Amino acid sequence: MTSPIASTTAHLETPRLSVVVPAYNEEENIVPLADEIIAALASLSGGFELILVDDASTDSTARVIGQIKNPQVRAVYHRINCGQSAAIGSGFQAARGEWVATLDGDGQNDPADLPAMLEKAIHDSVDCVTGVRRKRQDNFIRRFSSRVANGFRNWITGDQVSDSGCGIRVVRRAALREIPVFNGMHRFLPTLLRGQGYTVAETTVNHRERLRGTSKYGVHNRLWRGIRDCFGIRWYLKRAVRSDRLGKSR
């Protein structure tokens, strides 16, 4: 990415897992979420790092992130607002772990799911484990728009993803080198990985109510834009050079 970003880097040994959290105007959520992630991964074999990416928030999110004093926490700051996919892409660039996990910054994903997802990825020898939200804690409009977009997405792309809008995933970092970063990438990550020849598994995960802050998405920027993006993904998949043709490095 050409970069409107700045970062702070702690000198840590290479961790087993890098956790990437994009945040835009989440000043109330980011510290409680960081605390939850640290607690959930405290006993993880091989260690972890937490990468908090502030997407040029207009509230105090950047300042709050800067006040977190923990050697396992790293910060990346966008100088201009670029969107969730760009923030996740910046986190991918900064990640040093063998595996990379993503969670949304609103606190609705449960960090306690991460150890089991990582264990499943390793046990099943897959490159990605993506979440499927059970008992989704969103209003009817968001659930309906997601259902419509998800069905259309699978139809157009030829892929089968049960919950492409779920933000909690664990991915082998080596697989991410071949994933293009574009606006909307985070919604299509499992499909893009399969298109490159990587393996993806699904697992059910917890989903929680948003307790603080406000959603950044509605019908316009979630449903209609997602449907339009499907055609771009279909074009890309027909032209992608699969990694298994080139030889995968693990």
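Simple spin-label model, 7 Å along Cα-to-Cβ: LYS238 to ARG134 in nm?
Computed distance between label sites LYS238 and ARG134 equals 4.0 nm.
What is the extension gain from ARG63 to ARG210, computed as 0.36 nm multiplied by their sequence separation minus the C-alpha to C-alpha distance, in nm to one decimal? It would help to have the intermediate numbers written out before the result.
Details: separation 147, 0.36 × 147 = 52.92 nm, distance 2.17 nm.
Result for the pair: 50.7 nm of gain on full extension.
Taking 0.36 nm per residue of separation and subtracting the Cα-Cα distance, what length does fully extending LEU44 through LYS120 add? Spell out each step's value before the answer.
Details: separation 76, 0.36 × 76 = 27.36 nm, distance 1.40 nm.
Fully extending the segment from LEU44 to LYS120 adds 26.0 nm.
We did not get these values from a lab; they are worked out from the coordinates using the rules stated. Note that the coordinates shown come from a computational prediction; the quantities given were computed from them, not determined experimentally. Note: ideal-geometry Cβ built from the backbone for every residue, glycine included; neighbour counts use all protein chains shown.
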